[in-house]
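Input: a single structure, listed below in structure tokens.
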Amino acid sequence: MLPTPREAWYIHFYLWVAPKSRASAGITVDRLKSSFEAVHRRGATGIIPFLTVGFPSVGETLVLVSALVEGGADVIELGVPFSDPLADGPTIQRASFHALAQGVTLGTCLHVCQQLRSTGVETPLVLMGYYNPILSYGLERFALDARDAGVDGVIVADLPSEESGPLQSACRPHQIHLIPLLAPTSTDVRIARACEKAGGFVYCISLTGVTGVRQDLPPGIPALTQRVRKHTRLPLAMGFGISQRRHVEALAPWAEAAVVGSALIEVIEKTPAEKRPRAVREFVAGLGGVIPTHGRE
Amino acid sequence: MIADGISLPDASGHFGPYGGRFVPETLMSALEELESAYRASQQDRDFQAQLSHYLKTYAGRPTALYFAHNLSRRCGGARIYLKREDLAHTGAHKINNALGQALLARHMGKRRVIAETGAGQHGVATATACAMLGLECLVYMGEEDMRRQAINVSRMRLLGAEVRPVASGSRTLKDAINEAIRDWVTNVETTHYLLGSVVGPHPYPMMVRDFQSVIGTEARQQLLEAEGRLPDYAVACVGGGSNSLGLFFPLLSDTQVKLVGVEAGGEGVESGRHAATLVAGRPGVLHGAMSYLLQDEHGQVKETHSISAGLDYPGVGPEHSHLKDTGRAQYLAVTDAQALEGFHLLCRTEGIIPALEPAHAIYYVSQLAPTLAEDAIILVCLSGRGDKDVDTVVGMGG
């Protein structure tokens, strides 16, 4: 049975016109929200792998992100290299310096996101880095270009809520979430202030320290997440020191997702180039217990 | 300690657009705690009495104000006065701040102190204060700086401090600060970070300035006694900017006094190999504060160069950035070669071996003095003595 002209108009409108006009008005799908909803439906802890853009090369970043998606990554954090990564341990410092030596800039990182989107990657992309490269790029210009590149959020390691106003104002009109970091040392007043402005998710730091692989999960995780949940209904991602499946499993009662950075960089470092996509895919799949169903070599 | 009519930083630690707290969240409550402990210590008579006692009987304050008659005659023109911070215990102005913060750390119940050092003067001062006050001390120092300031490494170790080499980045002061901040993020509950300059997140730029203001407060009084008036110029070298701000701050409201900061011009500002942040940088964020910064067009921090390890830093204190923008102070650069000239000039005319850092200021003064009238007065901060630099200078055939 053919649709009536009126039905045909509705079909045309809802399939083609409305989505485009929504996009052009800047009202896009909140990929982070959808992704965390999917995590919730799955009943598992989401996996957020972290990769430094340009480690080992920009070309490989594109390939490795696809491998992460196939491995079941729920959100992907892309590290923007900086000359003075003072919140990072030796592993991510190494990756960051390597990427800088390859000439990677914030502009390169935005371009990588754009290319990922153009090849059909729909997983939320979050940029993580330090404030000065963003400041130097220009806050407004960054927010605009990030939106055009399909970036969903940004995490800035050295930008606490007191100083985040200008970037927050630049990002909000473009639906780029500024994701706050909270630490075991954050007071309740600070947690409340950060959560008030938060969007996307809240990044909880598992310990007092820098990024890097640790043997055991720190003890303060339940206490921190309980304190943070009093102030927000956003999903919580836990990062720093998380490297193994047993860590991810132990996090399940407390956080919606686990961020894994240094351990992934180390996998890349010790795997020969041709085997990296597979190693990365299996590592991420192994963290979350998702069996990759396609893209096997 | 707030001079008349000047109440910067504001409550959030900003000097105009500069300063603030751009640090990992983990450190924010420690900075809040430090700020309130510092503010309480300013009202605490026992604390202030203790600090004055140590500054007088241990550090040797007040330091002398010396009329450099030979240098003045040699240059022709203005009368040049040297504020002799080189005579303070450990041989530089750094002890003023190290004693203040180490006492504060002890009051806060933090028994472990970490510090960064470039030339090693701040490291030595911190190791000294910690030895005297019974605190554990760990100093981060770039490998390149350990090489060129070897004698200070030995001094720190003799004083019971651990010196940990930093091999990342340019292996100088900037990287030592990164490493100290990483340590502090990890051990924040037990550790005080004894930052050595007027840089870093609030309250450091304010607190270090206040501890160093003893330089300008004394010099102002001493000059009034010697000459019955204030200087026409106050000059000091600027790396992070602690000795210069210590000299300038008590003179800020004396608007007839011209303030000049001398940065490290390295091989020449046009060569790109220098550390002249205020002369050639643009605003950015490094080590917790918004300030002028030597950075490339992508916001990556540049590697710097200076003959003097203490000035070899791509950032600068946020209050200096504010003083530059408001025009209250002027900043210019002196090259390595010119600084060496200043070094030798002071050695031979006055029998004083200056550190290479204030040798930059001495050179500028030697150029400024002849342009001024004979009754003009220039006050220079001689921030440290040059024993540590003897090998460097001799190695250059000097």
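The values are calculated or read from the model by the stated rules, or taken from the named source; none is laboratory data. Not measured: the values here are computed from a predicted model. For neighbour counting, all protein chains shown are included, and Cβ atoms are generated from backbone atoms with ideal geometry for every residue, glycine included.
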Residue by residue through the range A:47-60, note down the ones that are without any contact (Cβ under 8 Å) to a residue 60 or more places away in the chain and either crowded, with 24+ Cβ neighbours inside 10 Å or within 14 Å of chain B (Cβ to nearest Cβ) (or both).
A:VAL53, A:GLY54
Answer with yes or no whether B:LEU245 is without any contact (Cβ under 8 Å) to a residue 40 or more places away in the chain, among the aliphatic types (A, V, I, L, M) and away from chain A (no Cβ under 14 Å).
no
Leading residue by the ranking (farthest from the chain's Cα centre (by Cα)) among those in the range A:237-255 that are assigned to a loop (DSSP other than H, G, I, E, B) and closer than 23 Å to A:PRO180 by Cβ:
A:PRO253
Exactly one of A:VAL228, A:VAL267, A:VAL189, A:VAL210 is within 30 Å of A:GLY59 (Cβ to Cβ), of a type outside the set (Gly, Ala, Ser) and at pLDDT 95 or above, and that one is A:VAL267
Given the options A:ALA44, A:ALA101, name the one that is more than 19 Å from A:GLY261 (Cβ to Cβ) and more than 14 Å from every other protein chain (Cβ to nearest Cβ).
A:ALA44
With respect to B:VAL185, determine if the residue is of a type in the set (Val, Ile, Thr), over 24 Å from B:GLY246 (Cα atoms), buried (at least 20 other Cβ atoms within 10 Å of the Cβ) and facing another protein chain (nearest Cβ under 9 Å).
yes
Starting from residues that are free of Cβ contacts under 8 Å to residues at least 60 places away in the same chain and in contact with a helix residue (DSSP H, G or I) (Cβ under 7 Å, 6 or more places away or on another chain), keep the ones in the range B:69-89 and report whichever is surrounded by the most Cβ atoms within 10 Å (Cβ to Cβ).
B:ALA88
Among the residues of the range B:9-36 satisfying the criterion of being in contact (Cβ under 8 Å) with a residue 12 or more places away in the chain, of a type in the set (Gly, Ala, Ser) and part of a loop (DSSP other than H, G, I, E, B), which is farthest from the other protein chains (Cβ to nearest Cβ)?
B:GLY16
So B:ALA373 passes all but one of these: (1) at pLDDT below 95; (2) surrounded by fewer than 16 Cβ atoms within 10 Å (Cβ to Cβ). Which condition number does it fail?
(1)
What are the residue pairs meeting all of these: first residue in the range B:41-65, first residue over 30 Å from B:GLU350 (Cα atoms), second residue aromatic (Phe, Trp, Tyr) and assigned to a helix (DSSP H, G or I), Cβ atoms under 8 Å, and 6 or more apart or on different chains?
B:SER41/B:PHE47
Out of everything in the range B:287-340 that is in contact with an Asp or Glu (Cβ under 6 Å, 6 or more places away or on another chain) and of a type in the set (A, V, I, L, M), what residue ends up being farthest from A:SER136 (Cα to Cα)?
B:ILE307
Quick one: in the range A:80-98, which of the residues that are of a type outside the set (Val, Ile, Thr), closer than 14 Å to A:VAL53 by Cβ and not in a loop (DSSP other than H, G, I, E, B) is nearest to the other protein chains (Cβ to nearest Cβ)?
A:PHE97
Sort through A:THR208, A:THR232 and tell me the only one that's without any contact (Cβ under 8 Å) to a residue 40 or more places away in the chain, within 24 Å of A:GLY129 (Cβ to Cβ) and out of contact with any Ser or Thr (no Cβ under 8 Å at 6 or more places or on another chain).
A:THR232
Would you check which residues across the range A:104-133 are over 9 Å from A:GLY54 (Cα atoms), touching a residue at least 40 places away in the same chain (Cβ under 8 Å), within 13 Å of another protein chain (Cβ to nearest Cβ) and not aromatic (Phe, Trp, Tyr) and list them?
A:LEU110, A:MET128, A:GLY129, A:ASN132, A:PRO133
Of the residues in the range A:207-229 that are within 11 Å of chain B (Cβ to nearest Cβ) and of a type in the set (Ser, Thr, Tyr), the one that is surrounded by the most Cβ atoms within 10 Å (Cβ to Cβ) is A:THR211
Considering only the range A:253-270, how many residues are under 13 Å from A:PHE55 (Cα atoms) and of a type in the set (Val, Ile, Thr)?
3
Just one of the numbered conditions (1) within 14 Å of B:THR117 (Cα to Cα); (2) within 13 Å of chain A (Cβ to nearest Cβ); (3) in contact (Cβ under 8 Å) with a residue 60 or more places away in the chain; (4) assigned to a loop (DSSP other than H, G, I, E, B) is not true of B:ARG171; which one?
(3)
Which of the residues spanning the range B:112-162 are among the aliphatic types (A, V, I, L, M), in a strand (DSSP E or B) and touching a Leu at 6+ places or on another chain (Cβ under 8 Å)?
B:VAL113, B:ILE114, B:ALA115
Filter result for the condition that a residue is touching a strand residue (DSSP E or B) at 6+ places or on another chain (Cβ under 6 Å), more than 19 Å from B:GLN121 (Cβ to Cβ) and touching a residue at least 60 places away in the same chain (Cβ under 8 Å), over B:LEU346, B:LEU323, B:LEU382, B:LEU311:
B:LEU323
Only one of A:ASP152, A:ASP145, A:ASP158 that is away from every other protein chain (no Cβ under 11 Å) and more than 15 Å from the chain's Cα centre (by Cα):
A:ASP145
Residue list for the range B:307-341, restricted to those being surrounded by 24 or more Cβ atoms within 10 Å (Cβ to Cβ) and either touching a Cys at 6+ places or on another chain (Cβ under 6 Å) or in a loop (DSSP other than H, G, I, E, B) (or both)
B:ILE307, B:SER308, B:ASP312, B:TYR313, B:PRO314, B:GLY315, B:VAL316, B:GLY317
Which residue, of B:VAL198, B:VAL185, is of a type in the set (A, V, I, L, M, F, W, C), over 16 Å from A:ALA157 (Cα atoms) and touching a residue at least 60 places away in the same chain (Cβ under 8 Å)?
B:VAL198
Just the residues that are more than 7 Å from chain A (Cβ to nearest Cβ), surrounded by 24 or more Cβ atoms within 10 Å (Cβ to Cβ) and either under 18 Å from B:GLU179 (Cα atoms) or at pLDDT below 95 (or both), please, taken from the range B:284-303.
B:HIS287, B:GLY288, B:ALA289
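Please go through the range A:240-255 and give me each residue that is among the small types (Gly, Ala, Ser) and surrounded by fewer than 24 Cβ atoms within 10 Å (Cβ to Cβ), ordered by number.
If we filter the range A:240-255 for residues that are among the small types (Gly, Ala, Ser), which is where we start, we get A:241, A:243, A:250, A:252, A:255.
Within the range A:240-255, A:SER243, A:ALA250, A:ALA252 qualify.
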Can you name every residue in the range A:172-202 that is at the interface with chain B (Cβ under 9 Å from one of its Cβ atoms) and either under 20 Å from the mean Cα position of the chain (by Cα) or of a type outside the set (Gly, Ala, Ser) (or both)?
A:PRO180, A:LEU181, A:LEU182, A:ALA183, A:PRO184, A:THR185, A:THR187, A:ARG190, A:ALA194
Look at the range B:85-126 and say how many of its residues are of a type in the set (Lys, Arg), in contact with a strand residue (DSSP E or B) (Cβ under 8 Å, 6 or more places away or on another chain) and over 22 Å from B:ALA264 (Cβ atoms).
3
